[in-house]
Amino acid sequence: MTVEITYEILKYLKENNIPSAHPSNIQRTEFDQPRTSEESNLLDYHSKKTLVGTSHRLWDFFTNNLMLIYTFIIVVTFGILFSKLEESQNKTIRFLRTSGASKFRIVSSGLFTGGILTIILGLLIPTIFFGIEFLINGSSSFKYPITTYIVKSDYFSLMSFGYKIVPISDVLTKSLILFLLYGIFIFLVTSAISTFVKSSVKSVILSFGLIATLQMFNKWYNPFSYWRVGKIADGSINILSKTITYSFDKSCKILAIGICILTILLICIAFIQDRRRNGYA
C-alpha cells in the first residue's frame, strides 16, 4: 500500500508539474504499523518524510501544536475576562449595570464580541506562523499532494481504509474550519465555567482540567476529542484511534450543535438572573 501511495504521489507531481522538495522515495504512511523497534527503525531508514515546504510546515503545525496553543490562549484570556465580569470588577461592566443595562444584554454582547475575537485570533495564529515560515523557507505550492484516508467498511481493520491523493490546500482548508469551530466551542465552555466560578484563577484551572480530561475520551460524539483537527481533516484519526466513526462532516455538525447549546445555555442563565434581579427590586 505504501508503494502504491508513493507511485500515486509521484504521478500527481508529474501531472501537475510540481517539483519535489526532496528526492522522492517510499514515504511512510498511516498504513505502516511497526510491531517492533527494529521494524520501526527500518521503516524510518527506508522512507522519506513528506515534502518540505512552507505549506507543509503549516500542515504539520495543524496536526501537532497549533490547537494546544490556541486552546491555552482562549482559556486564559476569556476565563479571566468572564470571571472579572461576574465579579463586577470591570469598570465598563459596572457602569453598564448602574446605567440600567440588563445582564442579558451584557452577556449577549460579550458572547458576540468574544466569538469575533476568537475567530480573529484563530486566523491570526496560523497567519503569523505562515509568515515566519515564509521568511525562513520561502514560498511553496499549495498543490502539493497529501494522502487522505477513506473509510470503506463497517468494521475496523487496516483493510477497511482506502486512500485519496488531494492538494494540500484541501486539508488545510478543512483543518482551518475545524480549528475555528473548536476554538469557538472552547471559548463557550470557558465562558460557561466562568459564569459559575467567580474566581478567575479557579476558573482557568477548572477549564484546563475539564478540557484536558475530556480530550482523552476518543469518541466521535465527544467534541472535546476534536483537538487533532489535522488528523480529522485527512482521515488518519480513524486509524490512530482504531475506529471508523470520525469524519470531517460529522465533526463539524457536532461542534456546531455544541456551540448552539452552550450559547442558548449562557443566554438563558443571563435571562434568569435578570428576572431574579427584577423580582428582588
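Coordinate-derived values only; no laboratory data. On a predicted model such as this, the values are computed, not experimentally measured, just so you know. When we count neighbours, we look across all protein chains shown, and the Cβ atoms used for this are built from the backbone with ideal geometry, even at glycine.
Rounded to the nearest 0.05, what FRET efficiency do Ile80 and Asn41 have when you use their Cβ-Cβ distance and R0 = 41 Å?
Between Ile80 and Asn41 the formula returns 0.30.
Listed values for the range 64-75 are Karplus-derived 3J(HN,Hα) couplings in whole Hz (6.51 cos²θ - 1.76 cosθ + 1.60, θ = phi - 60°), namely 10, 9, 4, 5, 5, 5, 4, 4, 4, 5, 5, 5, and x replaces Gly and Pro. Amide hydrogen proximity for Ile146: with H placed 1.01 Å from N in the peptide plane, the residues at 5 or more positions away or on another chain lying under 5 Å are Val166, Ile168.
A simple rule links phi to the HN-Hα coupling: the Karplus curve 6.51 cos²θ - 1.76 cosθ + 1.60 with θ = phi - 60°, which for the range 170-177 gives 5, 6, 5, 5, 4, 4, 5, 4 Hz, with x for Gly and Pro. With a Förster radius of 22 Å applied to the C-beta separation of Asn16 and Lys164, the computed FRET efficiency comes to 0.90. Among the listed pairs Lys231/Lys253; Lys11/Lys253; Lys174/Lys219; Lys14/Lys242; Lys174/Lys250, a Cα-Cα separation exceeding 24 Å is found for Lys11/Lys253; Lys14/Lys242.
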